[in-house]
Amino acid sequence: MCKLAEVDAIYHKALEFGATDEGALGARSEIFYAGYFRNPESNKLNAFFTG
C-alpha cells in the first residue's frame, strides 16, 4: 500500500470511529502530507507522511 493511502486510511478510520475533521487530507509542503482530526476526548491528532 502506498504511504499516502495509509495516511488516508488512518484519517478515514478515525472519522468512522467518531473523530471530527480538524484539517482535511492533503499536502502541507512538498514533503509533508497529513490529515488532522480531533478524537472524541478532544485530543487533536494527525496522520502524516514525510518524504
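Taken together, the values in this text are just the output of simple stated rules run on the coordinates, not laboratory data. As the structure is a computational prediction, the values presented were derived from the model and not from experiment. Virtual Cβ from ideal backbone geometry, glycine too; neighbours counted across all protein chains shown.
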Notebook entry, point to check: Roughly how many debye, to the nearest 20, is the charge dipole of the chain about its Cα centre, given +1 on each Lys and Arg Cβ, -1 on each Asp and Glu Cβ, and no other charges?
Noted result: 80
Checklist line | Computed helical MRE - 222 nm, the chain, DSSP H runs ≥ 4 contributing -39500 (n - 2.57), nearest 500 | finding: -9000 deg cm²/dmol
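Taking only Cα atoms of the chain, what ratio of Rg to Rh do you get with Rh as the Kirkwood inverse-distance radius?
0.98
Just in the chain: which GluC sites (Glu not before Pro) are loop by DSSP and have at most 12 other Cβ atoms within 10 Å?
On the way: sites: 6, 16, 22, 30, 41; in loops: 30, 41.
Hits after loop and neighbour filter: 30, 41.
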Notebook entry, point to check: Mind listing which trypsin sites (Lys or Arg not before Pro) in the chain are in a DSSP loop and have 16 or fewer other Cβ atoms within 10 Å?
Noted result: 28
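For Cα pairs less than 8 Å apart in space and 6+ apart in sequence, what is the mean separation divided by the residue count of the chain, i.e. the relative contact order in percent? Don't skip to the answer; put the middle values down first.
On the way: 83 pairs, mean separation 17.8, N = 51.
Dividing the mean separation by the residue count of the chain yields 35 percent.
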Note to self: With the crude spin-label approximation of a point 7 Å out along Cα→Cβ, what separation in nm comes out for residue 46 versus residue 4?
What the structure shows: 1.7
